[in-house]
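J.: Take a look at the following structure, please.
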Amino acid sequence: MTKEKILEALSNVQEPDLGKDLVTLNMIKDIEINGNDVSFTIVLTTPACPMKDMMGTASTNAIKLLVNKEANVKVNFTANTTTKRTDAKTILPKVKNIIAVVSGKGGVGKSTVAANLALALSQGGAKVGLMDADIYGPSVPIMFGVRGERPMMIDVGGEKPMIAPLERYGLKLISIGLLVDEKNAVVWRGPMASSAIKQFITDVFWDELDYLVIDMPPGTGDIHLTLMQTVPVTGAVIVTTPQDVALADAKKGIAMFGQAQLNVPIIGLVENMSYFTPAELPDNKYYIFGKDGGKRLADEYDLPFLGQIPLVQTIREGGDQGVPIMMSDDVITKKAFEGFAAHVVRSIAMRNANISGERIAETV
Ligand SMILES: Nc1ncnc2c1ncn2[C@@H]1O[C@H](COP(=O)(O)OP(=O)(O)OP(=O)(O)O)[C@@H](O)[C@H]1O
Ligand SMILES: [Mg+2]
């Protein structure tokens, strides 16, 4: 066995989403050979990569088949999350990917989806932050049980001290609700709200992050424009429920974020409250709000469909009690969020590699 032969064998293993082989993509490093033992490292495009095990097995098989059938192959993994930022990085300079969670309609579960997406990504091994930018109805303080906490000010060597995000469940998080008095904020309109949002974004210090998830306010108004023009968003995740009224509003969201002067790419669409499953009948699914409305909308607009999240009482309870469902042991519901998060990171990794989101291999 030689390094050259190992690389030659691995050049037959594809990264399923990116559609190129591991060697061409520069994903192989640290090849060590000792008799029949061979080890190397695959550098993933995201720590939360759902295709990791598949690539490991395919690599082992390729070496056994093409180089040495007696080989003891050890595959290690590391990740270097990709980014495609081209802005001047005056804002959030150390954040690689920024995901805005949006919807046209209120109450469809943006905050729930944003919080559990952030947790799923972090549990997959990524460095993740959650920013609650809902100036009129911040949810993160309640959802994470941090109401009334005051973030610390830190000196990071700039002109003035900055606000440090809180840490909870492995995430960095900040809510505009922790910084401004809600009773005041509800009466703010246009310029005042916009300047508060701008200050909120520029005054918080985010250290290195693979993903920053932004929980956006409902609707498609001035605040959204300000946010999208201030923050170099990688892409938007649109949340909808399956019923017609929500779908109609989701279309407004798609129209807004897709409009030329914003030009925020849409990562895809996730359907929340897709079906109800009672705790005592875990195999039953009741399509209370209609079936597959979100999926059809995604098809209609040619957007990646990122998943379906069931309507489950414990999701609501977890949100109210400050312990999001991703911190529970409800394996079935967690799986829905994990599958969704996996689609999000793949969609972003593909965009970062300049491949259209439509190609996502149907393996998750
Ligand atoms: N899949 C779900 N199953 C059960 N309850 C849910 C689910 N998704 C959201 N909820 C509950 O529905 C309510 C609204 O959800 P959430 O606050 O996440 O929506 P939102 O879109 O952020 O609302 P807003 O537009 O006000 O910001 C919350 O009580 C939440 O716990
Ligand atoms: Mg919300």
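J.: V23 - would you say it is assigned by TED's automatic domain parsing to the domain that holds G56 and more than 31 Å from the chain's Cα centre (by Cα)?
T.: The answer is no for V23.
J.: So which residues in the stretch 121-134 are more than 11 Å from ligand 1 (Cβ to nearest atom) and farther than 19 Å from N80 by Cα, if there are any at all?
T.: Once the filter is applied, which keeps residues that are more than 11 Å from ligand 1 (Cβ to nearest atom) and farther than 19 Å from N80 by Cα, the stretch 121-134 yields L130, M131.
J.: What do you reckon, is L18 among the hydrophobic types (A, V, I, L, M, F, W, C), more than 23 Å from V344 (Cα to Cα) and outside the structural domain of A342 (by TED's automatic domain parsing)?
T.: Values: among the hydrophobic types (A, V, I, L, M, F, W, C): yes; more than 23 Å from V344 (Cα to Cα): no; outside the structural domain of A342 (by TED's automatic domain parsing): yes.
In short, no.
J.: If we only count strands (runs of 3 or more DSSP E) wholly inside the stretch 159-258, which ones have 2 or more residues that are at pLDDT 85 or above and either within 16 Å of ligand 2 (Cβ to nearest atom) or touching an Asp or Glu at 6+ places or on another chain (Cβ under 8 Å) (or both)?
T.: Values: elements: 166-168, 171-175, 209-215, 235-240.
Ranges flagged: 171-175, 209-215, 235-240.
J.: Can you find even one residue in the stretch 191-206 that is touching a Gly at 6+ places or on another chain (Cβ under 7 Å) and closer than 29 Å to K334 by Cα? Before the answer, list the steps.
T.: From the stretch 191-206, those touching a Gly at 6+ places or on another chain (Cβ under 7 Å) are 206; that's our starting set.
With the extra rule that they be closer than 29 Å to K334 by Cα, the set shrinks to 206.
The answer is yes; a qualifying residue exists.
J.: Also, I was wondering about something else. Can you run down the residue pairs with Cβ atoms below 7 Å, 6 or more apart or on separate chains, where the first is in the stretch 333-353 and outside any helix (DSSP H, G or I) and the partner is not acidic (D, E)?
T.: A353/L18; A353/T82
J.: Looking only at the stretch 274-320, which residues are in a helix (DSSP H, G or I) and either surrounded by 13 or more Cβ atoms within 10 Å (Cβ to Cβ) or within 16 Å of ligand 2 (Cβ to nearest atom) (or both)?
T.: Selection gives G293, G294, K295, R296, L297, A298, T314, I315, R316, G318, G319, D320.
J.: Same structure again: Could you tell me which of the residues T46, T86, T24 is modelled with pLDDT under 95, of a type in the set (V, I, T) and buried (at least 16 other Cβ atoms within 10 Å of the Cβ)?
T.: T46
J.: Could you tell me whether the stretch 220-236 includes any residue that is in contact with a His (Cβ under 9 Å, 6 or more places away or on another chain), in the same structural domain as I348 (by TED's automatic domain parsing) and at negative phi?
T.: No, the conditions are met nowhere in the stretch 220-236.
J.: Let me ask something else about it. Within the stretch 114-160, can you find the residues that are surrounded by fewer than 17 Cβ atoms within 10 Å (Cβ to Cβ) and under 28 Å from G221 (Cβ atoms)?
T.: If the condition is that a residue be surrounded by fewer than 17 Cβ atoms within 10 Å (Cβ to Cβ) and under 28 Å from G221 (Cβ atoms), then G137, I142, R147 are the ones that fit.
J.: Still on this model: For K183, are the conditions met, namely being more than 25 Å from P93 (Cβ to Cβ) and free of Cβ contacts under 8 Å to residues at least 12 places away in the same chain?
T.: Yes: the conditions hold for K183.
J.: Out of I163, I201, I176, I need the residue that is over 16 Å from A114 (Cα atoms), crowded, with 16+ Cβ neighbours inside 10 Å, touching a Pro at 6+ places or on another chain (Cβ under 7 Å) and in the same structural domain as M273 (by TED's automatic domain parsing). Which one?
T.: Just one listed residue meets the conditions, I163.
The values are calculated or read from the model by the stated rules, or taken from the named source; none is laboratory data. As the structure is a computational prediction, the values presented were derived from the model and not from experiment. Please note: Cβ atoms are built from the backbone with ideal geometry, for glycine as well, and neighbour counts cover all protein chains shown.
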